[in-house]
C-alpha cells in the first residue's frame, strides 16, 4: 500500500486536490445552477480540469464537461461494478485493460492490488496523454500500449467520440453517432502479442471498446482457451445471444450481467464472464 506522502506528492509537486478543486467538486455534486459562471470567474476555461480523489482512493484530473468524468465528480466513481469484477479475481495476476481510456479502472486496480501487473491498451491520441499523466499522478507502475486490439494486425480507422463523450471512440462506428473526426491507428491480435512474447498472458481482461468487443475477442481466441484466464469483464448489448457472448461460451465461460452501481445507464450493459464447468454453458441473463 502506498503511503500518504507518496500519494499526495510527486517530486515536490502537490498531487492532492486543491481547496479550489474540492470546492468545485462539491458544487458539481449539488447540481445547482451557476457552475459555469463560477468556473469562468475563477479564471478557468473549458480545457482546464479538476483534480479529484475517487471513492476508491485513486486520483485523476477530470473535465466537468465530459460524460464519464462528470459522473465521477458527482458520484465518486464510474461503473464501480466493473472494478469489483476485475479485482475479485486479479490478486497478483495480470490485467489487460483493453480500451483503458484515461486509466480509471486499470490504475485504480493497480493501486488496490500493488502486486498485480496491469497493461493498459489505448489507441486514442487524446487519451494516451491523459493516461500517461494519470499514471504519473498515482505513481502507478502500469504498462501503456498504444494499440487497438482487434482480429487482425495492421492499421484501422479510429473514430473519435462526439464532443463531451470521448468514451464512445471506436474502430466500429455506430450509424446513429456523429463522430468528431477519425484517424488511422495500429491494431494487433492479442494472441500474436502473447505468442511473440511481447505481452504476458492475462489473468483478467477488461474489455470496453464500444462495439468492437467481438473482433477483439476473435483476436484472443487462444488466450480465451488458456486456463490462465479467469475472468473477462466486457460491455455488450442486453440481447442474450450476441457474437461476443457466444464466443466466450464456446471457450468455456458463463456470462452474467453486472448491476450498475452508479447512474450511468445507457444502451449497453456490463457483463462478467467466468470460466464454467461446461464449454457450451449458456449466458445467464436477467
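The values are calculated or read from the model by the stated rules, or taken from the named source; none is laboratory data. All values reported here derive from a predicted model rather than from experimental measurement. With ideal geometry, Cβ positions are generated from the backbone for all residues, glycine too; neighbour counts draw on all protein chains shown.
Data overview
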item: Boolean, residue 46 is more than 20 Å from residue 271 (Cα to Cα) and outside any loop (DSSP other than H, G, I, E, B); result: no
item: Qualifying residue in segment 247-254 (condition: outside the structural domain of residue 29 (by TED's automatic domain parsing), modelled with pLDDT under 85 and at negative phi); result: no
item: Residue that is surrounded by the most Cβ atoms within 10 Å (Cβ to Cβ), among those in segment 148-163 that are more than 25 Å from residue 63 (Cβ to Cβ) and under 21 Å from the mean Cα position of the chain (by Cα); result: 149
item: Helices (runs of 4 or more DSSP H) within segment 54-144 that include 2 or more residues under 24 Å from residue 162 (Cβ atoms); result: 67-75, 104-112, 125-138
item: Members of segment 14-33 found to be surrounded by 10 or more Cβ atoms within 10 Å (Cβ to Cβ) and assigned to a loop (DSSP other than H, G, I, E, B), listed by number; result: 15, 16, 17, 18
item: Residues that are within 17 Å of residue 208 (Cβ to Cβ) and either surrounded by fewer than 20 Cβ atoms within 10 Å (Cβ to Cβ) or within 13 Å of the chain's Cα centre (by Cα) (or both), drawn from segment 89-98; result: 95, 96, 97, 98
item: Number of positions in segment 56-71 that are free of Cβ contacts under 8 Å to residues at least 40 places away in the same chain and either crowded, with 22+ Cβ neighbours inside 10 Å or in the same structural domain as residue 122 (by TED's automatic domain parsing) (or both); result: 2
